[in-house]
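A quick write-up on the structure given underneath.
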Amino acid sequence: HGEVWATHVAWSADTEAWAERSALGPATLGGGELLAPGELVLAPGEATTSPWVVAVHSTTGLDGLSDRLHPWIRSWSTIAGRPRPITLNTWEAVYFDQSLERLEPLIDAARRVGVERFVLDDGWFLGRRDDRRALGDWTVDPAVWPDGLGPLVERVTSAGMEFGLWVEPEMVSADSELARTHSDWVLGRPDDPEWRWQRVLDLTAPGAADHVFAAIDALLAEHDIRYLKWDHNRDLLGGSAHAQTLALYALIDRLRAAHPGVEIESCASGGARIDLGILERTDRVWTSDTNDPLERQRIQRHTGVLVPPEYLGSHLGAERAHTTGRTSDLSFRLATALFGSAGIEWNLATASAEDLDAVAAWTATYRRLRGLIHGGRVVRADAADPAQVVHGVVAPDRRHAVVSVAVVGTP
């Protein structure tokens, strides 16, 4: 309840937001791009366009912000009116242990429960046996896929699912052919700190963006790939975030123009780079790298103030959460993953027949409700007990609703 004023900077690099109240009483909210001194210099007669700052006002609390933002975003959405496929991602199922024989049981289990999109995650490209090497070498590894990705793509599509592929085009490993050939494309100094054994590829360097475009374009041209999970797992510690972001936007725009049927998911370490600048160019965001439903309840609640649920990747994970080690019942995991762009991050090939039946019932429920969840009004309740998280979606005609009451602590 109450009156709320809010701002959002629709930009995927450094931003700032501020609130000021003067001694005379007036209050000011503001936001914009955060630039380093000298990062953007205009010569006489030159012009630039700043990122949009979206300002929202509500007289009905936080829900009122979503009431205004969600319909507006849907009015220019890249995915408006298109059902969001149930997506299975292989990462937490097999990690780097990839082969056709290893994935065939997972494909069969995915088809059994009603998965609509199957995404091959990290580990398919040349020399990538762990996370310490090979980023940037975007060619299929013949040691893992001796016949290329073709047999896997055919296996997935013949099972009635779309095929998707993981890439991290903005990053490069020091131990990679790309870094050895084009050390001038690696952002920063050689002794700069690394995170996850990787560096940033300077997309503003002459030839770098063209190289990335050519590599991904070749993959999309050769295979029936309908979806790219576009990862970004390291902060920029040098160069111009402004220039790098403009180069990224241009690269994505170029790929989308060349392959208009391919959807792209923005996944920046899970939960980062979720903004209305990237949302103009992508079809999904990865809401968080934690699939722990206890944490997801609040993560999805607050991310969803800005972003409509159909964009928010929300996956069913294994009983023991990959990130926290916490265990949770299947029913709780299923109910939590329902309220978004639903998917699976679990090796279904190891699940019991009873669990597979439950997952199949859940995917059927998702297909039945996704028109409501992805087109209705998101509502949240202020529960008297802080251990409860209560939220739901109400149909535009107010004749139907689906509501979740989750207990995330001791009542």
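The values are calculated or read from the model by the stated rules, or taken from the named source; none is laboratory data. None of these values were measured; they are calculated from a predicted model. Cβ coordinates were reconstructed from backbone atoms using ideal geometry, including for glycine residues, and neighbour counts include every protein chain displayed. These accessible areas exclude ligands, DNA and RNA; they are computed on the full protein's heavy atoms, side chains included. Shrake-Rupley method; radii C 1.70, N 1.55, O 1.52, S 1.80 Å.
Which one of Ala218, Ala250, Ala209 is crowded, with 17+ Cβ neighbours inside 10 Å, part of a helix (DSSP H, G or I) and not aromatic (Phe, Trp, Tyr)?
Within the list Ala218, Ala250, Ala209, the selection yields Ala209.
Looking at the stretch 253-272 only, could you name the residues that are within 17 Å of Thr287 (Cβ to Cβ) and open to solvent by 10 Å² or more (accessible area, probe 1.4 Å)?
Glu263, Ser269, Gly270, Gly271, Ala272
Of the residues Thr303, Thr287, Thr323, only one is touching a strand residue (DSSP E or B) at 6+ places or on another chain (Cβ under 7 Å), hydroxyl-bearing (Ser, Thr, Tyr), free of Cβ contacts under 8 Å to residues at least 40 places away in the same chain and closer than 30 Å to Asn233 by Cβ; which?
Checking each option against the conditions leaves just Thr303.
Would it be correct to say that Arg117 is under 30 Å from Leu165 (Cα atoms), within 23 Å of the chain's Cα centre (by Cα) and open to solvent by 60 Å² or more (accessible area, probe 1.4 Å)?
no
Looking at Ala335, Ala349, Ala358, Ala321, can you tell me which residue is of a type in the set (Gly, Ala, Ser), assigned by the TED database to the domain that holds Asn233, surrounded by fewer than 23 Cβ atoms within 10 Å (Cβ to Cβ) and within 29 Å of Pro71 (Cβ to Cβ)?
Testing whether each residue is of a type in the set (Gly, Ala, Ser), assigned by the TED database to the domain that holds Asn233, surrounded by fewer than 23 Cβ atoms within 10 Å (Cβ to Cβ) and within 29 Å of Pro71 (Cβ to Cβ) leaves just Ala335.
Can you name every residue in the stretch 56-71 that is open to solvent by 80 Å² or more (accessible area, probe 1.4 Å) and touching a residue at least 40 places away in the same chain (Cβ under 8 Å)?
Thr59, Leu62
Please verify whether the stretch 27-34 includes one or more residues that are surrounded by 10 or more Cβ atoms within 10 Å (Cβ to Cβ) and in a loop (DSSP other than H, G, I, E, B).
Yes, the conditions are met somewhere in the stretch 27-34.
I'd like to know if the stretch 107-116 contains one or more residues that are out of contact with any Phe, Trp or Tyr (no Cβ under 6 Å at 6 or more places or on another chain), on the phi > 0 side of the Ramachandran plot and in the same structural domain as Ser314 (by the TED database).
yes
Could you tell me whether the stretch 39-51 includes any residue that is open to solvent by less than 50 Å² (accessible area, probe 1.4 Å), farther than 18 Å from Gly375 by Cβ, modelled with pLDDT of 95 or more and of a type outside the set (Lys, Arg)?
For the stretch 39-51, residues open to solvent by less than 50 Å² (accessible area, probe 1.4 Å), farther than 18 Å from Gly375 by Cβ, modelled with pLDDT of 95 or more and of a type outside the set (Lys, Arg): present.
Where in the stretch 294-411 are there strands (runs of 3 or more DSSP E), lying fully within it, with 2 or more residues that are over 26 Å from Ser58 (Cβ atoms) and at pLDDT 95 or above?
312-317, 341-345
Looking only at the stretch 170-190, filter to residues that are part of a strand (DSSP E or B) and without any contact (Cβ under 8 Å) to a residue 60 or more places away in the chain; which one of those is nearest to the chain's Cα centre (by Cα)?
Val172
Looking at the structure I just gave you, is Val402 open to solvent by less than 30 Å² (accessible area, probe 1.4 Å) and more than 23 Å from the chain's Cα centre (by Cα)?
The answer is yes for Val402.
Among (1) in contact with a strand residue (DSSP E or B) (Cβ under 8 Å, 6 or more places away or on another chain); (2) assigned to a helix (DSSP H, G or I); (3) open to solvent by 50 Å² or more (accessible area, probe 1.4 Å), which single condition is Glu104 missing?
(1)
Every residue, every condition in (1) of a type in the set (Phe, Trp, Tyr); (2) without any contact (Cβ under 8 Å) to a residue 40 or more places away in the chain; (3) under 30 Å from Gly114 (Cα atoms), yes or no:
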residue: Trp145; (1), (2), (3): yes, no, yes
residue: Glu168; (1), (2), (3): no, no, yes
residue: Asp192; (1), (2), (3): no, no, no
residue: Trp195; (1), (2), (3): yes, no, no
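Can you go through Ser58, Ser66, Ser12, Ser22 and tell me which one is at pLDDT below 95, hydroxyl-bearing (Ser, Thr, Tyr) and in contact with a Ser or Thr (Cβ under 9 Å, 6 or more places away or on another chain)?
Result: Ser22 is the single residue among Ser58, Ser66, Ser12, Ser22 that is at pLDDT below 95, hydroxyl-bearing (Ser, Thr, Tyr) and in contact with a Ser or Thr (Cβ under 9 Å, 6 or more places away or on another chain).
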